[in-house]
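**Q** Before anything else, here's the structure in question.
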Amino acid sequence: MTVKETLADLVAIDSVSTRSNVEIIDYLSRRCEALGFQIKRLPYTDDKGVEKINLIAISDANFSAATRQVELALVGHTDTVPYDSNWSEALQLNEREGKLLGRGACDTKAFIAAALAAVESIDRETIASPFALIFTADEEVGLVGAKRLAETRAVRARYAIVGEPTSLRPMRAGKGYCLAEIKITGREAHSAYPQLGTSAVFGAARLISAIETIAQKLSTEQHPAFDPAYTTLNVGLVHGGTAKNVIAGDCHFTLEWRPIPGQDPGKLLELLKAAIDDEKRRDPEFICEVDEARADEGFETPASSQVVKMLEELTANAAGTVAFGTEAAQMAQLGAEAVVLGPGDIRVAHRTGEFVPVAELEACVNILQQAIERIC
């Protein structure tokens, strides 16, 4: 099959994160088994009771379970974000003006298709070391599948290429991603008699102001490879109160932050706790709950790494960094020097009309083929 035909097959499978990914895993299992790969399916049930599967396909049928280490892992997530119901061709790959359109075409089924095409094009007799194709679930909803692989130590890898749309520029470092839901509880009263109540909105406003100060403090700790070079914070959602003439009895907001590599994702939480304690000393009636929903650390592979230098040569692009979440940190936990790479532009992912350029898709096949041949 051509890489475009494979991508068309993958796009035709609806693998939005809310659905089971069994259908796409079955397809990938068949393709990998036809290549003689050793297949390991790692099922789990998500928090909605839906079956999900991580798939590890290893090139060496005699791969030793004792060492469990491959020389190279090519990693792609099988799930996609939802698509607008008005996008009638979301699950049909269409080619227009050198672009292939469809949900997941860019993020990140193009990389999966390229990886399969690359493996099919190599002379396996020349490959001395085992390599793996790793297909994960639930990347789009918190890297869940990759985290399970890291927790269970399902496989170890020396190097990893993690598929994400980077316009074929190797990315050797990435920021983490953290999320907390914060709830302030006050006491309702008629707004004409504020002394009878405690405004949760005012309390939240004071805490948000303190968070802005925390952001300024964290900006002094910098990593020059990133733009911006520091941990960024954002309060993206705020909800509170019930009516214009009622003192707000509750207010909750969402705080996200993206820590630079090497910085403990929990550092912000420590500063936040100190700010909450300060507010409680100022106002003994201040009640605040923090739900630490996510704390994903960043990753960094040295510029001198073999896989970084090789991909810079193969792509003719200098290595860079990404500020969005990827599965590279989990691959690093599995022992790999990881690089994020793939066809397509992250800026067109997740939107109606998502696409991957044909030229980048085909170039990615060649890059991954050479990567396998050189490393393995």
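**Q** For the chain, find the longest principal axis of its Cα atoms and tell me its angle to the long axis of helix 22-34, 0 to 90°, nearest 10.
**A** Tilt relative to the chain: about 30 degrees.
**Q** From the helices alone, meaning DSSP H stretches of at least four residues, give me the mean residue ellipticity at 222 nm for the chain, per-run term -39500 (n - 2.57), in deg cm²/dmol to the nearest 500.
**A** -9500 deg cm²/dmol
**Q** Ok, one more. Is the shape of region 1-85 rounded, prolate or oblate, going by the alpha carbon gyration tensor and its root eigenvalues a ≥ b ≥ c, with a/c under 1.5 for rounded and a/b larger than b/c for prolate?
**A** Because a/c hits 1.5 or more and a/b fails to exceed b/c, region 1-85 counts as oblate.
**Q** Please work out the Cα center distance from region 356-371 to region 107-177, rounded to the nearest Å.
**A** Region 356-371 and region 107-177 have Cα centres spaced 14 Å from each other.
**Q** I've got another one for you. Pop a pseudo-label 7 angstrom from the Cα along the beta-carbon direction at both Asp291 and Arg153 and give the gap in nm to one decimal.
**A** Roughly 3.3 nm, to one decimal.
**Q** By how many degrees, between 0 and 90 and to the nearest 10, does the Cα long axis of helix 3-12 differ from the longest principal axis of the chain?
**A** So the helix axis and the longest Cα principal axis differ by about 40 degrees.
**Q** A further question on this structure: Run the reach check for Lys273 against lysines, Cα to Cα strictly under 23 Å, same-chain hits fewer than 8 apart removed. What comes back?
**A** Leaving aside lysines fewer than 8 places away in the same chain, those within reach of Lys273 are Lys175, Lys183, Lys217.
**Q** Can I ask one more? Just to be sure I understand the model, the point goes 7 Å from the Cα along the line to the Cβ. What's the resulting Leu237 to Asp277 distance in nm?
**A** So the label points at Leu237 and Asp277 sit 3.0 nm apart.
**Q** How high is the relative contact order of the chain? Use alpha-carbon pairs under 8 Å, at least six apart in sequence, and give a whole percent.
**A** With pairs under 8 Å counted, the relative contact order is 25 percent.
**Q** Turning to a different aspect of this structure: Which percent of Cα-Cα pairs in region 218-270 sits in each 10 Å bin, short to long?
**A** 21, 36, 21, 16, 6
**Q** Normalized C-alpha radius of gyration of the chain, against 2.2 N^0.38 Å?
**A** Here the Cα radius of gyration is 1.11 times the empirical estimate.
**Q** Right, next: Kindly work out what percent of the DSSP beta bridges joining two residues of the chain are antiparallel, to the nearest 5.
**A** Looking only at bridges with both residues in the chain, the antiparallel portion is about 70 percent.
**Q** Follow-up. Please sort by residue number the trypsin sites (Lys or Arg not before Pro) in region 1-63 whose DSSP state is loop and whose Cβ has at most 11 other Cβ atoms within 10 Å.
**A** Lys48
**Q** If eta is 1.567 mPa s and T is 4 °C, what Stokes-Einstein diffusion coefficient results for region 157-293, Kirkwood Rh from Cα pairs, in µm²/s?
**A** The calculation lands on 76 µm²/s.
**Q** Let me ask something else about it. Under a crude label model (7 Å from the Cα following the beta-carbon direction), how far is Thr352 from Thr18 in nanometres?
**A** Placing both labels 7 Å beyond Cα along the Cβ direction yields 1.7 nm.
**Q** Mind running the shape call on region 249-294? Use the C-alpha gyration tensor, a ≥ b ≥ c as the square roots of the eigenvalues: rounded below 1.5 for a/c, prolate if a/b tops b/c, oblate otherwise.
**A** oblate
**Q** Right, next: For the chain, find the longest principal axis of its Cα atoms and tell me its angle to the long axis of helix 267-282, 0 to 90°, nearest 10.
**A** Rounded to the nearest ten degrees, it is 10.
**Q** Could you give me D for region 250-376, from Stokes-Einstein at 20 °C and 1.002 mPa s, where the hydrodynamic radius is the Kirkwood radius over C-alpha pairs? Units µm² s⁻¹, please.
**A** 117
**Q** In region 131-283, with Lys and Arg counted as +1 and Asp and Glu as -1 at Cβ, which of these residues, Leu133, Thr254, Gly266, has the Cα nearest the positive end of the dipole, that is, farthest along it?
**A** Result: Leu133, furthest along the dipole toward the positive end.
**Q** Return the loop-located GluC sites (Glu not before Pro) in region 256-342 (DSSP other than H, G, I, E, B) with at most 13 other Cβ atoms within 10 Å of their own Cβ; answer none if there are none.
**A** Of the GluC sites (Glu not before Pro), the ones in loops of region 256-342 whose Cβ has at most 13 other Cβ atoms within 10 Å are Glu285.
**Q** Continuing with this model, one more query. Got a sec? What order do Glu89, Glu362 fall in by accessible area at 1.4 Å, biggest, i.e. largest, first?
**A** From most exposed to least exposed: Glu362, Glu89.
**Q** Where does each of Ser29, Ser209, Ser88 land when they are ordered by accessible area, with a 1.4 Å probe and the largest first?
**A** So, going from the largest accessible area down, we get Ser88, Ser209, Ser29.
**Q** Classify region 145-229: rounded, prolate or oblate, from the alpha-carbon gyration tensor (a ≥ b ≥ c, eigenvalue square roots; a/c under 1.5 rounded; otherwise prolate if a/b is larger than b/c)?
**A** prolate
**Q** State the extension gain, in nm to one decimal, for the chain segment bounded by Arg96 and Asp345, taking 0.36 nm per residue of separation less the distance between their alpha-carbons.
**A** Extending this stretch completely gives an extra 88.0 nm.
**Q** Please give the charge dipole size of the chain, origin at the Cα centre, charges +1 on K and R Cβ atoms and -1 on D and E Cβ atoms. Round to the nearest 20 debye.
**A** 420
The values are calculated or read from the model by the stated rules, or taken from the named source; none is laboratory data. Computed from a prediction, not measured in an experiment: that's the story for all the values here. We place every Cβ from the backbone using ideal geometry, glycine too, and count neighbours over all the protein chains shown. Calculation scope for accessible area: heavy atoms of the full protein, side chains included, ligands and nucleic acids excluded. Shrake-Rupley method; radii C 1.70, N 1.55, O 1.52, S 1.80 Å.
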